[in-house]
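Read through the structure below, which is laid out as structure tokens, and then see the notes.
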Amino acid sequence: MGTSTEIYSIIGILILFAAAVLLFWMFRIRRNQMAERRITMFKKAFDVSEDAVFALSENNDILYANKSAVALLKLPPEYLHRPLEPMPKIRIKNAWVALDTFLQELPQTKRDNMQAFPHSSFIVETYEHSLPVNLYVDRSSLGTGKEQFCYVITVRDLTKEYECRELEHRHILTKLPNQLQAKEDLNKLFAKIHLHNKKMALVLISLDNFTQIRSILGHAQVDQIIVRFAHYLDQMAKSSSYYAYHLASNDFLISVPIVETADEVVYFCRQVQKELRTFYKINNVRFHLTASAGISIYPDSGSTLQLLDHAYKALAEAQKEGIGHVHVYERSELEKKYNELTLFNAIHEAIDKDEFEIHYQPIVRTKDQEVVAAEALIRWRHSEYGYIPPDVFIPMLEQSGFIIELGRYVLSEVLKQQKRWEVFKFKPIEVSINMSLLEIETEGFVENVSRQLIEHQVAPELIKFEITEGVAMQNEGQADRQIEELKKLGVSLALDDFGTGYTSFAYLKKFPADVLKIDKTLIDYILENEEDQRIIRAMIELGHNLGMKIVVEGIESKEMVDLIGSYGCDYMQGYYFSKPLPAYEFQEMIRR
Ligand code: C2E
Ligand code: CA
Ligand code: CA
């Protein structure tokens, strides 16, 4: 009896053991199946990706390649677990390196985090052309238990994007660089112009009576004329080291980077006009074409920022006179007030000569109209011109990079002022400082702010930085880190000129602003325009939903205060309350 019980218990234990082993096996099989399924799923996902994705072992063996990678690297049928040959080359910052060398040379920290190398070039030796690409490198463990790693490399081909970009920058009919390209080139040209102390010119050339010609000759013929004219202008421009652009229908722009006198440019226009007379024939009969031209010369016709506008004005003058005229823009008395070149040369000494001054414009709380903050606005007290507004000289400072020095000066002046107010027991208020793109891009910006705050012993809560909407957007990514660091110091941040740029909602949500400043241009017609009223209301609501406070700037009347106040905006700023004032005048408003 005893033995049979023992036998049963042994059998029972054996059955239990077998069941446990079985369960364990089933579990492992299932886990492997799941892992397999997952891998298959990932493979499928990567296979549909247009980006080439491949994994390399530390010995350069191919561990995985999706379809795009197989095509890009021209891999043979049995490529898995074989070395990648030939080794592709990539170019980053003008140097070509083999991919494996590049991977080995990546610093450890960069290797461990997904690293992006935008706008690199990529070439496989069997290829003739290199591709513009974005390259991503990720180092990942192989999960084998041993310390084995692989590189996951993603290559995004940018050829199409580049082609699109190229197309976007050319006129669809004539293939000449278009308005967009002109704008980019002019910005670069303007940035350099101060360096060589030379003159430059812009010329707008427009074929006369164009609508009439179109109605006589019809679309197809006119398009032919335009194409030929564009080609001719381009040749002419190139032979004089000028640049030709096709802005719109019959308007062309010529930029002349260096010029001695206006006569040279007028001569160029006369040549073009002369050629036009005999330029086009229909059935062997000459078709008499004429063009008008408007010229503006920097610095004679005004600042670089106005140069294109002035060329348009000159063209309008020429067209008023009839057909085939050339007009050079003359400045009005008011415009002659500031000579940009004189200012440009003087501005570098202005700090040393103590010619800059900070004015403070009050910002009031809507509910009780009490002054709770101020915006620091820079003024230049010029010995000859008197107070020069920042719109005239900030662009010059940005072009020369001097804005960084000015920014530091403004911060130190504001901090000194804050300390004085604190010592003399004025009411504490937050002061906003405008910040330009160049400043945030500059290495050491945050460190300087931090150092100055400590040096002057001012609480960071009393300082706010204003960044304009356009600038914040342009620099998405790069400036984000600096902005984050800045916020860590305890200062606050305002998104300035809101409503003038193209801030996407997604970006706005991410942007760590405490305050949204709605631009003056949006409320200029608010009293009479219901559409504007709706927009402002929606903007205020949007800002509030994102947890931001709202400042509306440019408030000029009691009616505006009442209307905009009723929308729930938190703070207001504008001439109605006060213009920007020197510190000693402003402080009367915060005396206790
Ligand atoms: P912003 O930041 O938009 O400054 C507001 C401008 O609107 C100021 O012009 C101010 O005087 C003006 N303003 C305020 N209320 C009213 C109003 O009710 N009606 C009208 N018509 N205008 C009003 P300001 O002082 O000429 O400054 C122009 C721009 O120069 C500023 O625009 C800012 O972008 C820049 N700026 C000024 N100071 C500095 C500075 O220290 N650093 C940098 N980077 N930029 C500065
Ligand atoms: Ca501002
Ligand atoms: Ca503003």
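The values are calculated or read from the model by the stated rules, or taken from the named source; none is laboratory data. This one's a predicted model, so the numbers in the text were calculated from it and none came from an experiment. Don't worry about glycine lacking a Cβ; one is built from the backbone with ideal geometry, like all the others, and counts go over all protein chains shown. To get the accessible areas, we keep the full protein, side chains included, count just its heavy atoms, and leave off ligands, DNA and RNA. Shrake-Rupley method; radii C 1.70, N 1.55, O 1.52, S 1.80 Å.
Among (1) without any contact (Cβ under 8 Å) to a residue 40 or more places away in the chain; (2) surrounded by 16 or more Cβ atoms within 10 Å (Cβ to Cβ); (3) outside any helix (DSSP H, G or I), where does Val222 come up short?
Going through (1) without any contact (Cβ under 8 Å) to a residue 40 or more places away in the chain; (2) surrounded by 16 or more Cβ atoms within 10 Å (Cβ to Cβ); (3) outside any helix (DSSP H, G or I) one by one, Val222 breaks only (3).
Please find, within segment 517-543, the residue that is most open to solvent (accessible area, probe 1.4 Å) out of those that are within 13 Å of ligand 1 (Cβ to nearest atom) and of a type in the set (Val, Ile, Thr).
Result: Thr521.
Looking at segment 507-528, I want the residues that are closer than 17 Å to Thr468 by Cα and have a partner that is open to solvent by 50 Å² or more (accessible area, probe 1.4 Å) and within 16 Å of ligand 1 (Cβ to nearest atom) with Cβ atoms under 7 Å, at least 6 apart or on another chain. Which pairs are those?
Asp519/Thr500; Thr521/Thr500
Test Leu546 against the criterion of being more than 16 Å from ligand 1 (Cβ to nearest atom) and not assigned by TED's automatic domain parsing to the domain that holds Glu422, and give yes or no.
In short, yes.
Would you pick out the residues in segment 194-233 that are in contact with a His (Cβ under 9 Å, 6 or more places away or on another chain) and under 15 Å from Ile254 (Cα atoms)?
Selection gives Leu202, Ala230, Leu233.
Having 1 or more residues that are more than 25 Å from Thr342 (Cβ to Cβ) and at pLDDT 95 or above is the bar; report the helices (runs of 4 or more DSSP H) wholly within segment 385-465 that clear it.
On the way: elements: 390-400, 403-423, 437-441, 445-456.
So the answer is 403-423, 445-456.
If you scan segment 352-378, which residues turn out to be polar (S, T, N, Q) and either surrounded by 22 or more Cβ atoms within 10 Å (Cβ to Cβ) or within 16 Å of ligand 2 (Cβ to nearest atom) (or both)?
Of everything in segment 352-378, just one residue is polar (S, T, N, Q) and either surrounded by 22 or more Cβ atoms within 10 Å (Cβ to Cβ) or within 16 Å of ligand 2 (Cβ to nearest atom) (or both), namely Gln361.
Could you figure out which of (1) within 22 Å of Asp300 (Cβ to Cβ); (2) touching a Gly at 6+ places or on another chain (Cβ under 9 Å) isn't true of Asp208?
(1)
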